[in-house]
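This report concerns only the one structure given below.
The values are calculated or read from the model by the stated rules, or taken from the named source; none is laboratory data. Please read all numbers here as calculations on a predicted model, not as lab measurements. Cβ sites come from the backbone with ideal geometry, for glycine too, and all protein chains shown count toward neighbours.
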Amino acid sequence: MFQKILVAVDVSERAVAVFDAAAALAEKLGATLRVVQVISVPAEFPPAAAASHVDPLPAHLTALAVRYLKELAERAPLIATDEPIVAVGQPWRAILDTARELDADLIVVGSHGYHGWDRVLGTTAGKVANLADRSVLVVHERKPAEAEAQ
């Protein structure tokens, strides 16, 4: 059923748990796993000072992301993973575009919960789940039993 899984991670503390959930599922199903991270340069960053020079920030961010994604992939040596993908743009849109390009059967994303403006604007996970044309697994953080009791 799910032979190609795309897992989207960011640089939050939860990224490892999201990757591990996707890797465990891929292992159980015998599926391949692709990892994507979306980077964006905030609009408030000034363009390169000299017009003749290329802004090094996107290339630097991409190199950092590739290194991070390769480290994540090392956590699941038994899973078939291809080269990690670094996309640039709006995270939810880039995740959906990447899933379509790869013809992924399942997208795995992490949920950070709804806080403040997220309730109005929506989260990346919410947009991916609502707009995807394929199955989406949203990995939620499990709170320790002590925290739930309080």
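With respect to A23, is the statement that it is modelled with pLDDT under 90 and outside any loop (DSSP other than H, G, I, E, B) true? Working first, answer last.
Numbers: modelled with pLDDT under 90: no; outside any loop (DSSP other than H, G, I, E, B): yes.
Against the criterion (modelled with pLDDT under 90 and outside any loop (DSSP other than H, G, I, E, B)), A23 does not qualify.
Within the option set E74, E83, E13, E101, being modelled with pLDDT of 95 or more, among the acidic types (D, E) and either exposed (fewer than 15 other Cβ atoms within 10 Å of the Cβ) or touching a helix residue (DSSP H, G or I) at 6+ places or on another chain (Cβ under 9 Å) (or both) holds for one residue only, E101.
Can you name every residue in segment 111-142 that is modelled with pLDDT under 85, among the charged types (D, E, K, R) and either under 16 Å from I5 (Cα atoms) or exposed (fewer than 10 other Cβ atoms within 10 Å of the Cβ) (or both)? Result: R142, single match.
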